[in-house]
Amino acid sequence: MRQRAKLVAVTALIAVMSFTLEVAAEPPENPIAGDRISGAFFETRSPVVAQHGIAATAHPLASQIAIDILKKGGTAVDAAIAANAALGLMEPVANGLGGDLFAIIWDPKTKKLYGLNASGRSPRGMDLGDLKERLNGASEIPPVGVLPVSVPGAADGWFEMHKRFGKLPMSAILQPAISYAEDGFPVTEVIDYYWDMNMRRLEQVAALGMIDEFDNARATYLVDGHTPKEGEIFKNPDLAKTYRLLVQKGRHGFYKGRIAKTIDAYMKRIGGPLRYEDFASHTSDWVEPQSINYRGYDVWELPPNGQGIAALQMLKILEGFDMKAAGFMSAKSLHYQIEAKRLVFEDRARFYADPDFSKAPVEALLSEKYAKARAALINPDQARDEVGPGDPAAIADGDTTYLTVADKDGMMVSLIQSNFRGMGSGLIPDGLGFMLQNRGQLFALQSDHPNVYAPGKRPFHTIIPAFVTKDGKPWMSFGLMGGAMQPQGHTQIIVNMIDYGLNVQAAGDAARWRHDGSAQPTGAVRQGKGIVHLENNVPQDVRDQLTRMGHTLGASDGGFGGYQAILRDPKTGIYSAASEMRKDGAAIGY
């Protein structure tokens with residue numbers, strides 16, 4: 001009886017937490033937006049153009065902090081770290097010091113791209129058998145509580161980047177975030193929305209008894225018993241103390257000092273498996289970015305355990321179709337993109353995992369021959385009934401914030417950082433001011449799956465930074481946050497710019513699609529043809545034609561990601577930046 005009750009609770013928990021967004025407001029019958037005198041009719045603002053430095057983040061104050069750091073002589077890496085620290089405070093609904101980080105950095109000195117994987121690993125003291133025993137027969141790892149928590153990698157990522165590309169001391173870099181944490185800042189509109197929604201949902205699952213301790217989260221993220229509203233001042237003095245400790249003790253203060261010891265004691269108190277030794281043994285990895293050429297542009301992503309190569313696979317397939325002739329936002333264009341996604345996500349579910357445990361056949365997956373074989377499966381007039389993973393071996397004989405910064409010397413940083421689902425696990429270690437991530441929910445439980453849980457293993461990751469070069473020179477640093485939307489969004493941005501000639505802002509303002517229902521790296525199986533969600537401004541005739549092609553359409557539910565980008569003119573070096581109109585952020589330059 002007890003086990004059955006536990007399974008019912010877990011099922012209810014997953015139903016409540018399975019999607020971190022709510023249905024978007026219905027558009028008015030008659031559009032009431034104003035007219036723009038230039039640019040695409042749907043473009044919400046002009047790209048920000050600047051000569052010396054530029055930043056685009058999901059919060060205007062974080063963007064301003066990045067510019068201030070650049071003006072003080074900091075590098076783009078210094079500015080990116082400063083902005084990320086501020087976002088962990090100001091946008092806790094999406095990221096923070098309890099999460100992981102990935103980055104792609106263009107270094108103008110070496111004229112080379114560098115990739116950083118700063119994701120954390122699972123507890124070394126819990127094996128698959130232990131995990132399954134604690135799950136009491138549940139088929140999935142829950143998104144809250146102690147079981148999905150892995151070692152936070154963000155802090156180590158900051159120090160790794162700073163050691164290699166930084167110039168200013170960490171005291172100067174973290175001081176703006178420390179000041180805002182102590183003195184407070186006004187909460188913005190979209191973050192207010194997500195803050196309230198996430199805390200309500202965490203309260204729901206806490207009431208089910210699925211969060212091992214929730215008082216710390218209430219004490220940290222509520223103001224007089226409620227979530228802070230737009231314009232209300234929020235402070236986080238505990239996070240300020242944590243940032244000061246990083247200034248004083250460096251990365252060892254986090255992984256071998258007081259922070260690691262505090263988390264160890266906290267986990268022991270609430271029955272969690274994460275231990276001091278997991279922190280002490282943590283390392284980040286510098287990795288080689290992977291690329292494909294799409295119509296003369298080299299698009300770069302990081303290799304697994306992330307999902308970046310899914311975007312490259314999609315683009316490689318789409319290169320076999322005349323996307324320009326299909327027409328911008330036409331049913332034909334969307335159909336090709338959706339079908340490419342459906343095929344690629346079956347490979348994503350089958351092959352992507354921690355390369356230290358299972359190496360994905362990346363070279364084969366990105367090969368010309370494999371892309372042509374997969375493209376041949378797409379019927380130009382009808383959605384395919386069945387899709388599955390391909391056999392690259394045969395061909396060759398596996399919630400989030402994004403920011404980007406560029407400096408006067410030409411260094412460009414593409415950085416993404418996340419706690420994963422919602423605000424994270426619901427757990428805030430005593431007195432630290434940040435929530436631990438729930439990234440470990442993305443492990444599979446099947447023993448023969450490449451992404452199966454194992455001690456000291458990195459889970460499959462959704463967060464992916466991206467970069468584009470042309471003729472060996474930097475062209476664009478960009479990203480689009482939002483779980484499985486990310487490779488779909490990356491593909492849409494590239495197609496919008498390269499095939500349809502949209503500028504860096506309009507490419508992100510254009511209406512988006514998202515396909516759900518593919519097989520997952522957790523072992524979840526494909527759900528028929530899945531559902532295609534379209535934003536409200538996709539024309540009705542396009543919707544009707546997609547339905548005739550066999551696609552099942554869903555509502556606009558707000559889950560279309562958040563985009564930032566910086567474009568660099570290869571001749572003049574002038575930067576143009578875009579910020580997501582679906583978020584609170586801003587692009588700022590000088």
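Exposure proxy check: 518, 119 ranked by fewest other beta carbons within 10 Å? Mind dumping the intermediate values first?
Details: 518 22, 119 30.
Ordered by Cβ neighbours within 10 Å, fewest first: 518, 119.
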Handout entry: Overall dimensions of the chain as given by Cα atoms, namely Rg and Dmax in Å
Key = 22.4, 70
Completion exercise
Along the dipole axis of the chain (charges at Cβ: +1 for Lys and Arg, -1 for Asp and Glu; origin at the Cα centre), the most positive-end residue among 371, 481, 451 is 451
Practice task
Rank 207, 187, 242 by how far each Cα sits towards the positive end of the charge dipole of the stretch 173-252 (+1 on Lys, Arg Cβ; -1 on Asp, Glu Cβ) and give me just the farthest.
Solution key: 242
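Hey, could you get me the Stokes-Einstein D for the stretch 466-585, Kirkwood radius over alpha-carbon pairs, 25 °C and 0.890 mPa s, rounded to whole µm² s⁻¹? Working shown, then result.
Working: Rh = 15.8 Å.
Estimated diffusion coefficient is 156 µm²/s.
What full-extension length gain, to one decimal in nm, is calculated for residue 369 and residue 71 as 0.36 nm per residue of separation minus the Cα-Cα distance?
Working: separation 298, 0.36 × 298 = 107.28 nm, distance 4.80 nm.
Gain on extension, residue 369 to residue 71, equals 102.5 nm.
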Problem - Point-charge dipole on Cβ atoms (K/R +1, D/E -1) for the stretch 321-467, about Cα centre, debye to 20 - result: 180 debye
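Report the gain in length on full extension from residue 179 to residue 233: 0.36 nm times residue separation, minus Cα-Cα distance, nm rounded to one decimal.
Numbers: separation 54, 0.36 × 54 = 19.44 nm, distance 1.33 nm.
That works out to 18.1 nm of additional length.
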Practice task
Place the peptides 46-52, 257-263 in order of packing, highest mean first, counting for every residue the other Cβ atoms within 10 Å and averaging per peptide.
Solution key: 257-263, 46-52
Practice task
For the stretch 278-312 and the stretch 356-375, write down the distance between their C-alpha centroids in whole Å.
Solution key: 14 Å
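Each value in this text was obtained by applying a stated rule to the coordinates, not by laboratory testing. All figures in this text were calculated on a predicted structure; none of them were measured in a lab. In this analysis, Cβ positions are derived from the backbone assuming ideal geometry, glycine residues included, and neighbour counts consider all displayed protein chains.
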